Amino acid sequence: MEIGKKIKTFRIAKSVTQEALAQELGVTAQAVSRWENGAAMPDIALLPALSTYFGVRIDDFFELSDEAQLERICNMTETEEFIPCADFDHAERYLKDRIALDPHDSESLTTLAALYNHRADGYHRRAENLCKRTLEVAPTEKAGHSLLSYAANGACFDWCSCNHRELIDYYYAFVEKNADFRPGYRWLLDNLIADLRLEEALDITQRIDRIKHDYYPVMMEGYVRSLLGEHDAAEAMFAKALEEEPENLYAWSLLGDIRVKQRRYDDAVACYERSAEIDPNPGFTDNYLSIAYIREMQGKWNDAADAYEKVLAVYRENKKLEDGYAVDQLEQSILRCRAKA
């Protein structure tokens, strides 16, 4: 729809005349008429005033394709710390309308889920900041500590409160219905290991291996065996996986994750660095982020800042992100680490 037709739609909905709109904008009624008839276009400098007057977003004057709408929503969830309410409501309404037309539209369903997760994360960050403010003035406030842990996804030793039984049950049922879909077993395996249901986890690694043999089930079986105290067997499996796929960047990254969980931090850094070296087109930032976190834990602040700078370079060069929440956080992390060095 042309901008002029949008202006007419918004004007009629607001029950104002062309003359009243023209007076508000400092133009002639004839100019407004020409816009609405498609004979002319309003100056782009008038769009902010038009959006304020009608109570809509500037984007609402433009008709976007479905692909562009979805891309815009995804970009907001990736770059905005907290999506403005008007933009969130517009995105939610658009996605719900698509789902109403096609309840099996998986792209809209997952995009709406991502939108809700982003909003939940934003509120959790706000709650986290409020709890920290509470604890500055009332450090013994138990509710403040409990809410902070919840908001920041803190650890909880209370097994009854923090086990993953329901999600495990869901994925057991899921893999029964989708027996050849390998990633389903991976999510099941992660939750089994988190709950230390290790015998079940071993069974799942073998089921994954039967679907496709590669580094992943071998390394994960090795990790489970290490948790069971079978350390020699575990190391043999790690070596076997890397012998079979020595140039697989994800194999090295996974071993880095395992080494962190084993508290072998320098070995983990070496694995992440090897993974990053193999990456032919650096776009996988987890390796450098993991290195940064480890070096911060060790108090090696310049090394941490160097790792954060590599992540920032990937964002700018490969993801073409020059600003936004993620970039701001990285820049702040670099400054913080340099200041502590």
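The values are calculated or read from the model by the stated rules, or taken from the named source; none is laboratory data. Just so it is clear, the model here is predicted, and its values are computed rather than measured. Because the Cβ atoms are built from the backbone with ideal geometry, glycine has one as well, and the counts that use them run over all protein chains shown.
Within the stretch 157-189, the residues that satisfy the criterion of being in contact (Cβ under 8 Å) with a residue 12 or more places away in the chain and among the charged types (D, E, K, R) are ARG165, ASP180, ARG182, ARG186.
Selection of the stretch 35-45 for residues being in a helix (DSSP H, G or I) and surrounded by fewer than 16 Cβ atoms within 10 Å (Cβ to Cβ) yields ILE44, ALA45.
Taking the stretch 207-227 as the range and being surrounded by fewer than 23 Cβ atoms within 10 Å (Cβ to Cβ) and either under 14 Å from GLY184 (Cα atoms) or among the basic types (Lys, Arg) (or both) as the test, the residues that pass are ARG207, ASP209, ARG210, ILE211, LYS212, TYR216, ARG225. Taken together, LEU115, LEU109 contain a single residue that is in a helix (DSSP H, G or I), within 25 Å of SER51 (Cα to Cα) and under 18 Å from the mean Cα position of the chain (by Cα), which is LEU115. From the set of residues in the stretch 117-153 that are surrounded by fewer than 12 Cβ atoms within 10 Å (Cβ to Cβ) and of a type in the set (Gly, Ala, Ser), which is nearest to THR79 (Cα to Cα)? Among those residues, the one meeting the criterion is ALA120. Of the numbered criteria (1) free of Cβ contacts under 8 Å to residues at least 24 places away in the same chain; (2) farther than 26 Å from GLN329 by Cβ; (3) under 25 Å from the mean Cα position of the chain (by Cα), the one GLY154 fails is (2). Only one entry of ALA49, ALA86 meets the criterion of being modelled with pLDDT of 85 or more, under 27 Å from LYS14 (Cα atoms), among the small types (Gly, Ala, Ser) and surrounded by 13 or more Cβ atoms within 10 Å (Cβ to Cβ), and that entry is ALA49. Test ILE73 against the stated conditions and say whether it is over 14 Å from ARG11 (Cα atoms) and at pLDDT 85 or above. Against the criterion (over 14 Å from ARG11 (Cα atoms) and at pLDDT 85 or above), ILE73 qualifies.
Scanning the stretch 46-73 for residues that are of a type in the set (S, T, N, Q) and assigned to a helix (DSSP H, G or I) yields SER51, THR52, GLN69.
Taken residue by residue, the stretch 266-278 has at least one member that is among the aromatic types (Phe, Trp, Tyr), surrounded by 22 or more Cβ atoms within 10 Å (Cβ to Cβ), closer than 27 Å to HIS164 by Cβ and within 24 Å of the chain's Cα centre (by Cα). On inspection, ALA201 qualifies as within 15 Å of GLY184 (Cα to Cα), in contact with a helix residue (DSSP H, G or I) (Cβ under 8 Å, 6 or more places away or on another chain), at pLDDT 95 or above and among the small types (Gly, Ala, Ser). Restricting to the stretch 7-41, and then to whatever is at pLDDT below 85 and within 19 Å of ILE58 (Cα to Cα), can you tell me which residue is nearest to the chain's Cα centre (by Cα)? Ranking the candidates gives MET41 first.
Only one entry of ASP169, ASP97 meets the criterion of being exposed (fewer than 14 other Cβ atoms within 10 Å of the Cβ) and either outside any helix (DSSP H, G or I) or modelled with pLDDT of 95 or more (or both), and that entry is ASP169.
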